[in-house]
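Working notes for the structure below.
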Amino acid sequence: MSFALGVVMDPISQINYKKDSTLAMLLAAKHHGCTLYYMQIEDLYLSPGSARGHMRSLDVFADPDHWYELGNAVDTELSSLDAVLMRTDPPFNMEYIYATYILAQAQREGCLIVNDPNSVRDCNEKLFATEFSQCCPPLVVSSNATVLRRFHAEHGDVIYKPLDGMGGTNIFKVDAKGNNLGVILESLTAHGRTPIMAQRYIPEIKQGDKRILMINGEPIPYALARIPSDSDHRGNLAAGGTGEARPLTDRDRWICEQIGPTLKEKGLVFVGLDVIGDYLTEINVTSPTCIREIDAAYNTRIGDQLIRCIQSLLDAR
């Protein structure tokens, strides 16, 4: 197995060696004989009739003091690569959206993009989950304060969150007393101009917000439960939560069965589901993480599984 693989990512010099999922993918690709090329989002550009990139050859190492080396830069068509991993972290801003248009052109020219840039652009990570209402807790999406207050009156404990956040940023829990609800709604909705999500609070968050990784519609059999600290309601590792790898439950597998075929149909090859208790809360399609933590607990070698999947997708062409 060997193919030319590009990666679009944040500065590789600044990653967390022990935790970075993209590095796990790249180490696996090297193990399988792939030739690697490195780009940042600003290196992508369109020339008439062609998606191009300023890219550098890349070598990676399982060494916490020296995990990468970059070669000379070249300016060439993205279609000269067999596949590209789009692994730039959110925020999902206009720069990210413009990058998906460039990558979509590369895909039309024959390069496999993981994940499909058209689907990444279409599938907001919080709104996409609502397409699977049988898996979700009670929720509402609105910018209207009356609608959002009515939801709180009905459910008591409610989580309010922006539709474009990450890492637990700007997620508010409002209990039945409704303290500060007015200012929270004003801030999150920009005084009624920006839709947000209200979601019934799921008390099982205390046992962990599970990240389930999916490869081409099939789940890795273990999840990482991100458990909130005693002083916070959020399980996100970036918000101070701690991770504990666990086998999937029967309910987790059922949720995966509901979502898997749609992920495969949309070309969403590597995806992270967020599940609290019995409920799906988000579908992460941009740059899901937690590979290293699950691998460390169960020797799952998720990066190897992903690279073999990409090879099979290339072979099917």
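The values are calculated or read from the model by the stated rules, or taken from the named source; none is laboratory data. Note that this is a predicted model, so its numbers are computed, not measured. Here Cβ is always computed from backbone atoms with ideal geometry, including for glycine, and neighbour counts include all displayed protein chains. For the accessible areas, the whole protein counts, side chains as well, though only heavy atoms, and no ligand, DNA or RNA atoms are used. Shrake-Rupley method; radii C 1.70, N 1.55, O 1.52, S 1.80 Å.
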Quiz prompt | Among PRO117, ILE196, VAL140 the positive-end extreme of the charge dipole of the chain (Cβ point charges) | solution = VAL140
Quiz item: Taking K and R as +1 and D and E as -1, what net charge do the other residues with C-beta under 15 Å from the C-beta of ASP315 add up to?
Solution: +1
Quiz item: Got a number for carbon plus sulfur as a percent of segment 153-287's accessible area, 1.4 Å probe?
Solution: 45
Quiz item: Using alpha carbon coordinates only, what is the Rg to Rh ratio of segment 117-245, with Rh defined as the Kirkwood radius?
Solution: 0.97
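For the chain, what is the convex hull volume of its Cα atoms per residue in Å³? Could you put the intermediate results ahead of the total?
Values: hull volume 42.0 nm³, N = 317.
Given the Cα convex hull of the chain, per-residue volume reads 133 Å³.
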Quiz item: Protein chains only, probe 1.4 Å: how do TRP67, TRP254 rank by accessible area, largest first?
Solution: TRP254, TRP67
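Where Lys and Arg each count +1 and Asp and Glu each count -1, what net charge lies around ASP59 among other residues with Cβ under 9 Å from its Cβ?
Numbers: positive: LYS30; negative: GLU69.
Counting the neighbours of ASP59, the net charge comes to 0.
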Quiz item: Among ILE259, ILE283, ILE212, which one shows the biggest mean-square fluctuation in a GNM of the chain, springs joining Cα atoms closer than 10 Å?
Solution: ILE259
Quiz item: Pairing the Cα long axis of helix 302-316 with the longest principal axis of the chain, what angle in degrees results, from 0 to 90 and rounded to the nearest 10?
Solution: 60
Quiz item: What is the Rg over Rh value, at two decimals, for segment 1-47, using alpha-carbon atoms and the Kirkwood definition of Rh?
Solution: 1.01
Quiz item: Got a number for carbon plus sulfur as a percent of segment 14-146's accessible area, 1.4 Å probe?
Solution: 48
Practice problem: Describe numerically, in nm with one decimal, the distance between label points set 7 Å from Cα along Cα→Cβ at VAL74 and at HIS31. | Solution: 2.7
Quiz item: So what is log10(I(q)/I(0)) for segment 170-307 at q = 0.11, 0.18, 0.21 1/Å, when the Debye sum runs over its Cα atoms only?
Solution: -0.46, -1.04, -1.26
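Please give the net charge around THR100, taking every other residue with its beta carbon less than 12 angstrom from that of THR100, where Lys and Arg add +1 and Asp and Glu add -1.
Numbers: positive: ARG121; negative: GLU95, ASP116, ASP122.
Value of the local net charge: -2.
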Quiz item: Using the alpha-carbon atoms, what tilt in degrees (0 to 90, nearest 10) does helix 250-265 show relative to the longest principal axis of the chain?
Solution: 50
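Where the only charges are on Cβ atoms (+1 Lys, Arg; -1 Asp, Glu), what is the dipole of segment 142-222 about its Cα centre, to the nearest 20 debye? Intermediate results must be reported in sequence, preceding the final value.
On the way: 10 positive and 8 negative charges, 28 e Å.
The calculation lands at about 140 debye.
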Exercise. Could you work out how far helix 94-108 tilts from the main Cα principal axis of the chain, as a 0 to 90 degree angle to the nearest 10?
Key: 50
Quiz prompt | Those lysines that a straight Cα-Cα span of less than 29 Å connects to LYS19, excepting residues fewer than 8 apart in one chain | solution = LYS30, LYS126, LYS161, LYS173, LYS206, LYS210, LYS264, LYS266
Quiz item: When the chain is modelled as a GNM with alpha-carbon springs shorter than 10 Å, which of GLN40, GLN14, GLN305 fluctuates the most?
Solution: GLN14
Quiz item: For GLU109, what accessible area in Å² do you get when you roll a 1.4 Å probe over the heavy atoms of the protein chains, rounding to the nearest 10?
Solution: 60
Quiz item: What residue among ARG292, ARG301, ARG193 shows peak mean-square fluctuation when the chain is described by a Gaussian network model with Cα springs under 10 Å?
Solution: ARG193
Practice problem: Apply the Debye scattering formula to segment 73-113, with a single equal point scatterer on each alpha-carbon and no solvent, then give log10 I(q)/I(0) at q = 0.17, 0.21 Å⁻¹. | Solution: -0.48, -0.70
Quiz item: How do ASP252, ASP315, ASP295, ASP82 stack up against each other in accessible area, from largest to smallest, with a 1.4 angstrom probe?
Solution: ASP315, ASP82, ASP295, ASP252
Quiz prompt | Whichever lysines have a C-alpha closer than 17 Å to that of LYS18, once near sequence neighbours (fewer than 8 apart) are set aside | solution = none
Quiz item: How large is the accessible surface per residue of the chain, computed with a 1.4 Å probe and reported in Å² as a whole number?
Solution: 45
